[in-house]
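The values are calculated or read from the model by the stated rules, or taken from the named source; none is laboratory data. What you see is a predicted model, and the numbers here were worked out from it, not measured in a lab. Every residue, glycine among them, receives a Cβ derived from its backbone with ideal geometry; neighbour counts consider all protein chains shown. Side chains included, ligands, DNA and RNA excluded: accessible areas come from the protein's heavy atoms. Shrake-Rupley method; radii C 1.70, N 1.55, O 1.52, S 1.80 Å.
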Amino acid sequence: MQRKILCVGVWKDQLTFNQSVAAARHIAELTNASAYPFECGIAPSPFAYVATRDIISQHGFETVAQNIMWHEDSGSYIGETTAPMLKEQGCKYVIVGHSERRLMFAETDEIVARKFKTCLDADLFPIICIGDTSEDRAANLSWDKLERQISAFLDGTHKLSPHKFAIAYEPVWAISTWRNKEPLPSGSTVEAIQAQLRSLVAQKTNADFAQTVSILYGGSVNSENGREYLLQPNVDGALIGGASKSPTSYVATLDACKEGLLCRSEFPRSS
Ligand code: PGA
């Protein structure tokens with residue numbers, strides 16, 4: 001079954017406009033996305049989106065939006081970025097429901113599901129993030145949380161195509177900015193969780209659908225562990241936060257992901 005493989009550097013609000021432009025130029029000097037057997041992207045801040053895109057798109061990188069407003073109407077939603085704004089600028093991929101939006105900006109499963117639908121209606125490709133927290137783990141509620149998050153956007157979307165969106169499993173306890181002392185999950189742990197997530201998707205859709213949808217992983221992916229994560233058959237790419245802030249470490253992480261993917265027995269897949 002052919003699945004899209006996608007690796008995206010997520011800059012969050014960590015780089016200013018000038019820093020984003022400098023980083024984009026440096027990435028463009030270091031590499032070209034065609035060097036990788038998967039699609040590569042950068043998600044800059046909205047303020048630096050267009051300037052970043054103008055540099056990296058010539059080198060084959062997608063410019064991914066970090067967030068979107070939950071409906072297409074323009075008007076009285078100060079500070080928001082709408083689907084038409086993103087479409088006009090040639091955006092294809094949008095991160096939806098990142099844990100920082102859920103935890104710090106009170107985005108509920110319902111809001112995330114509306115954003116997901118807004119993307120699909122506008123022919124944008126949502127990368128929808130789900131993830132459990134340390135507290136969920138301690139209370140043995142991780143799977144309740146994950147199931148609720150998945151149900152919120154999958155239930156009721158009968159005409160959904162598995163080619164039109166991806167899921168990103170991002171355990172909050174493994175994200176670099178939130179991590180306490182918990183060890184990072186090994187490749188085999190991530191594989192087991194993502195295989196179970198795929199089964200959950202199959203229960204809500206069907207086996208073919210679940211086998212076709214891409215499930216990315218995110219949580220402190222870097223040049224040291226990218227190989228191990230991408231080696232796993234149920235890891236269809238990565239969201240790379242902290243390690244993407246520096247161009248050299250971002251490129252080294254992409255290189256590690258490439259190494260892992262190329263070692264997979266079922267490779268090549270389409271990108
Ligand atoms: P991290 O961030 O790679 O710094 O853990 C990932 C994310 O927040 O998407």
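Among (1) crowded, with 19+ Cβ neighbours inside 10 Å; (2) farther than 23 Å from F209 by Cα, which single condition is P126 missing?
Result: P126 fails condition (2) only.
Consider T212 carefully, then state whether it is more than 14 Å from the ligand (Cβ to nearest atom), in contact with a Pro (Cβ under 8 Å, 6 or more places away or on another chain) and closer than 22 Å to R3 by Cβ.
Details: more than 14 Å from the ligand (Cβ to nearest atom): yes; in contact with a Pro (Cβ under 8 Å, 6 or more places away or on another chain): yes; closer than 22 Å to R3 by Cβ: yes.
Taking the combined requirement at face value, the residue satisfies it.
Being more than 11 Å from the chain's Cα centre (by Cα) and within 17 Å of V213 (Cβ to Cβ) is the filter here; which residues of segment 93-123 pass it?
Passing the criteria: V112, A113, F116, K117, C119, L120.
Specify the residue that is least open to solvent (accessible area, probe 1.4 Å); the eligible residues are those in segment 142-173 that are charged (D, E, K, R) and under 15 Å from the mean Cα position of the chain (by Cα).
Keep residues of segment 142-173 that are charged (D, E, K, R), which gives 144-145, 147-148, 155, 159, 164, 170.
Keeping just the survivors that are under 15 Å from the mean Cα position of the chain (by Cα) gives 164, 170.
Details: K164: 103, E170: 11 Å².
Per the criteria, the residue is E170.
Taking only segment 248-266 into account, find how many residues are more than 11 Å from the ligand (Cβ to nearest atom) and open to solvent by 20 Å² or more (accessible area, probe 1.4 Å).
Just the residues of segment 248-266 that are more than 11 Å from the ligand (Cβ to nearest atom), to begin with: 248, 251-252, 254-266.
Those still in the list that are open to solvent by 20 Å² or more (accessible area, probe 1.4 Å) too: 248, 252, 255, 258-259, 262-263, 265-266.
Qualifying residue count for the region: 9.
Can you find a residue that is open to solvent by less than 30 Å² (accessible area, probe 1.4 Å) and either in a strand (DSSP E or B) or not hydrophobic (A, V, I, L, M, F, W, C) (or both) anywhere in segment 67-81?
Within segment 67-81, the first condition is being open to solvent by less than 30 Å² (accessible area, probe 1.4 Å), and the residues that meet it are 68-69.
Pick out the ones that are also either in a strand (DSSP E or B) or not hydrophobic (A, V, I, L, M, F, W, C) (or both) and you get none.
Checked against the condition, which is being open to solvent by less than 30 Å² (accessible area, probe 1.4 Å) and either in a strand (DSSP E or B) or not hydrophobic (A, V, I, L, M, F, W, C) (or both), segment 67-81 yields no hits at all.
Is there a residue in segment 174-194 that is open to solvent by less than 10 Å² (accessible area, probe 1.4 Å), under 17 Å from the mean Cα position of the chain (by Cα) and farther than 17 Å from H98 by Cβ?
yes
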